1. Considering each of 226, 141, 236 in turn, give the residue that is under 28 Å from residue 117 (Cβ atoms) and in the same structural domain as residue 25 (by TED's automatic domain parsing).
2. Look through 222, 155, 149 and report the one residue that is open to solvent by less than 10 Å² (accessible area, probe 1.4 Å) and within 25 Å of residue 284 (Cα to Cα).
3. Where residues in the range 36-52 are surrounded by 14 or more Cβ atoms within 10 Å (Cβ to Cβ) and more than 15 Å from residue 71 (Cα to Cα), which of them is farthest from the chain's Cα centre (by Cα)?
4. Within the range 118-131, which residues are at pLDDT below 95 and either within 8 Å of the ligand (Cβ to nearest atom) or not hydrophobic (A, V, I, L, M, F, W, C) (or both)?
5. Listed residues 51, 70, 26, 45; which is in a helix (DSSP H, G or I) and in contact (Cβ under 8 Å) with a residue 60 or more places away in the chain?
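The values are calculated or read from the model by the stated rules, or taken from the named source; none is laboratory data. The structure presented is a predicted model; accordingly, all values stated were derived computationally and were not measured. Here the Cβ positions follow ideal geometry from the backbone for every residue, glycine too, while neighbour counts run over all protein chains shown. In case anyone asks, the SASA skips ligands and DNA or RNA and just uses the protein heavy atoms, side chains included. Shrake-Rupley method; radii C 1.70, N 1.55, O 1.52, S 1.80 Å.
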Amino acid sequence: MRTILQKCTMVGMTEFDVCKLRDYAADLAQQAASLISTKRSEITATGDIRAHSQTKTSAVDPVTEVDTAAEEFVVGSIRKDRPDDGIIGEEGANVPSRSGVSWIVDPIDGTVNFMYGLGEYAVSLGAMVDGQYVAGAVINVVKGTLYSAAVGHGATVTYRDGTSTQLRCRQETDPRLSLIATGFGYTETRRAGQAKILQELLPQVRDIRRIGSAALDLCRVAEGTVDAYYEHGVKVWDVAAGIVIARESGAQVHVPHSWTSDDRGALVWAASAELAPAFERLLASAGAKEVID
Ligand code: LIP
């Protein structure tokens, strides 16, 4: 199997370019976060943000004007700065790539938290080269905490005060002592299936955290504030950046072979190399390795 560098080189990229993709994603994510904060303040100063939202796959799957505006800003910036790159965005952006690089954009991951004013929502920008996740950035919009990574170059967290540190996942080995992040879908059928799995898992782990952003959940695995993460039915834009950040922190991240357009509830999970074998057995015993419709 060709290495990532070989793949990057095949499309005329160098190892250095992978870091440039990371840095571009980090800068653009910070700009988008600033836009989101400003727009949220403007809206909530005169009324309820729910009046500026619609729904997508179900009555509890929202999209706000700010999601759309943020994606338009990110797409416009990429089209101007990197016109040959492709773009796939949660809110509809779909631009083919001529350079071999494609950007996977979630303008607000954790939209329900954004609507309710819960401070756990993020901008997620991931870069794919030849179908491989190679770089990405995730910023917690409220806290200003920026996570970024480039394949082969580690993962870093930079705080609002400018301090930064390398990310290393925790190395817990026992699932019974592990704090597990997860999330739930937007349809009754999938939530019922997810509840059954949770009922099996909960007695066998330390505890569960459902925070509401897959992108930030993978960053929590990378920084060691949770030991593992699993979820069915997340979309590639939720996790494209978090996959690189978690992997570069030393975690294993398992994703579907391909995210098809149909909404199949495939499993994404992440854990440290030390925990992964036992956690995978636990997921399998709870029936979590199967797709949930
Ligand atoms: C969210 C995911 C989260 C999942 C939510 C939702 P969105 O993405 O990041 O993990 O549990 O149901 O799908 O919709 O806020 O971009």
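1. Numbers: 226 fails: in the same structural domain as residue 25 (by TED's automatic domain parsing); 236 fails: in the same structural domain as residue 25 (by TED's automatic domain parsing).
Testing whether each residue is under 28 Å from residue 117 (Cβ atoms) and in the same structural domain as residue 25 (by TED's automatic domain parsing) leaves just 141.
2. Matching residue, one of 222, 155, 149: 222.
3. 43
4. Listed by number, the residues that qualify are 130, 131.
5. 26
For (1) among the β-branched types (Val, Ile, Thr); (2) in contact (Cβ under 8 Å) with a residue 60 or more places away in the chain; (3) within 14 Å of the ligand (Cβ to nearest atom); (4) open to solvent by 20 Å² or more (accessible area, probe 1.4 Å), each residue gets a yes or a no:
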{"site": "183", "(1), (2), (3), (4)": "no, no, yes, no"}
{"site": "213", "(1), (2), (3), (4)": "no, yes, yes, no"}
{"site": "235", "(1), (2), (3), (4)": "no, yes, yes, yes"}
{"site": "240", "(1), (2), (3), (4)": "no, yes, yes, no"}
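Yes/no matrix, rows are residues, columns are (1) assigned to a strand (DSSP E or B); (2) of a type in the set (S, T, N, Q); (3) touching a helix residue (DSSP H, G or I) at 6+ places or on another chain (Cβ under 9 Å):
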residue: 169; (1), (2), (3): no, no, yes
residue: 172; (1), (2), (3): no, no, no
residue: 176; (1), (2), (3): no, no, yes
residue: 180; (1), (2), (3): yes, no, yes
residue: 190; (1), (2), (3): no, no, no
residue: 193; (1), (2), (3): no, no, no
residue: 198; (1), (2), (3): no, no, no
residue: 208; (1), (2), (3): yes, no, yes
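Yes/no per residue for (1) farther than 11 Å from residue 237 by Cα; (2) outside any loop (DSSP other than H, G, I, E, B); (3) open to solvent by less than 20 Å² (accessible area, probe 1.4 Å):
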{"site": "79", "(1), (2), (3)": "yes, yes, no"}
{"site": "91", "(1), (2), (3)": "no, no, no"}
{"site": "104", "(1), (2), (3)": "no, yes, yes"}
{"site": "108", "(1), (2), (3)": "no, yes, yes"}
{"site": "115", "(1), (2), (3)": "yes, yes, no"}
